[in-house]
Amino acid sequence: MWALSRLPALAVGLETGEIGAMKRLPDPRNRHRFPAKIISHAIWLYHVFDFSLQDVELLLCQRGIVVA
């Protein structure tokens, strides 16, 4: 019963930011040059087919994506 009576007070504290409000995590892809799909595809090619980095670069270049 005690926990139920304290619940509204905790909710009010979270709304105002008084009691340890959660901070939003930064986006891990914030400073990347390419979209996440292209990065994922390049990593997939590299690991699944055991291509070298030069092979992955050539395959992406054939699709119109220039990487260096």
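To keep it simple, each residue is scored yes or no on (1) at pLDDT below 75; (2) surrounded by 10 or more Cβ atoms within 10 Å (Cβ to Cβ); (3) not in a loop (DSSP other than H, G, I, E, B).
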{"position": "Ile19", "(1), (2), (3)": "yes, yes, no"}
{"position": "Lys23", "(1), (2), (3)": "no, no, no"}
{"position": "Asp27", "(1), (2), (3)": "yes, no, no"}
{"position": "Ile39", "(1), (2), (3)": "no, yes, yes"}
{"position": "Leu58", "(1), (2), (3)": "no, yes, yes"}
{"position": "Cys61", "(1), (2), (3)": "no, yes, yes"}
{"position": "Gly64", "(1), (2), (3)": "no, no, no"}
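Name every residue in the stretch 41-52 that is of a type in the set (A, V, I, L, M) and either in contact with a strand residue (DSSP E or B) (Cβ under 7 Å, 6 or more places away or on another chain) or loosely packed, with under 11 Cβ neighbours inside 10 Å (or both), in order of residue number. I'd like the intermediate steps shown before the answer.
The first filter runs over the stretch 41-52 and keeps only residues of a type in the set (A, V, I, L, M), leaving 42-43, 45, 48.
Passing the criteria: only Val48.
The values are calculated or read from the model by the stated rules, or taken from the named source; none is laboratory data. The structure displayed is predicted, hence computed values, not measured ones. As a convention, Cβ positions derive from the backbone with ideal geometry for all residues, glycine included, and neighbour counts pool all protein chains shown.
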